[in-house]
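Visitor: What follows is a structure written as structure tokens; I'll ask about it next.
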Amino acid sequence: MTDRCQNGIQGTHLYQTGIGATWGPRLTDPEKKTMRARIATAMVASFLAFGAGGAFAAGTTTTTALTPVEVRTQLASAEALIRKKSYSDAIEVLNGIVETNPREADAYNFLGYSYRKSKDYSRAERNYKRALRLNPEHKGALEYVGELYLETDRRPKAEETLAKLEKLCPTGCEELDDLRQAFASDGQTSKANW
């Protein structure tokens, strides 16, 4: 005699799964083992094909590193926004760069600049320091962190930074000249090109 379910289809039962109740054929123990093995194989294949994000983080996005050309294009876009004084838009672009390319010192430097110009000095300093951790001789980051120190009344730190720039630029450089100008104008920076 065959089992009947409510809808009259023979051999179909309401059975409990890990997700909830569902209609389907009643599985024997060997069939359940086979089904579990197939599900595990599918999960492993999905993991290998799409990475952990694709297999286990439904609804999240996975990020891939930008190519060097894409990084330069995004940096140029952020620089154009900075020139327009659209600092919040520049921050958005730059955060996208460092999210996918966390070793991009120029992006951290521009982030520091954008935050500083937005008067968010703690985030500015944090990003300048990240840039300098990645490239201790980053002249732009040294200039800008020196200007930040002057703007936040930390002249001794600014003088240390000036000394580092003088060592890096024994015959002079634009960053050194700009930081010296900031010292001369009591911490007020007036970048003509930004």
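Visitor: Could you please report the charge total around Arg72, scoring K, R as +1 and D, E as -1 over all other residues with beta-carbon less than 13 angstrom from its beta-carbon?
Guide: Spelling it out: positives minus negatives among the neighbours equals -4.
Visitor: Next up: With every protein chain left in place, what is the accessible area per residue of segment 104-194 in square angstrom, probe 1.4 Å?
Guide: 51
Visitor: Peptides 66-76, 96-106: what's the order by average Cβ count within 10 Å, highest mean first?
Guide: Ranking, from highest mean packing down: 96-106, 66-76.
Visitor: Determine the alpha carbon to alpha carbon distance for each of Lys85/Lys164; Lys117/Lys139; Lys129/Lys164; Lys119/Lys139; Lys85/Lys139; Lys117/Lys164 and list only those over 26 Å.
Guide: Where the Cα-Cα span goes over 26 Å, the pairs concerned are Lys85/Lys164.
The values are calculated or read from the model by the stated rules, or taken from the named source; none is laboratory data. Bear in mind the structure is a predicted one, so any value in this text is a computation, not a measurement. Quick reminder, even Gly has a Cβ in these numbers, built from the backbone with ideal geometry, and neighbours come from all protein chains shown. When the accessible area is computed, the model is the full protein with side chains, heavy atoms only, and any ligands, DNA or RNA have been set aside. Shrake-Rupley method; radii C 1.70, N 1.55, O 1.52, S 1.80 Å.
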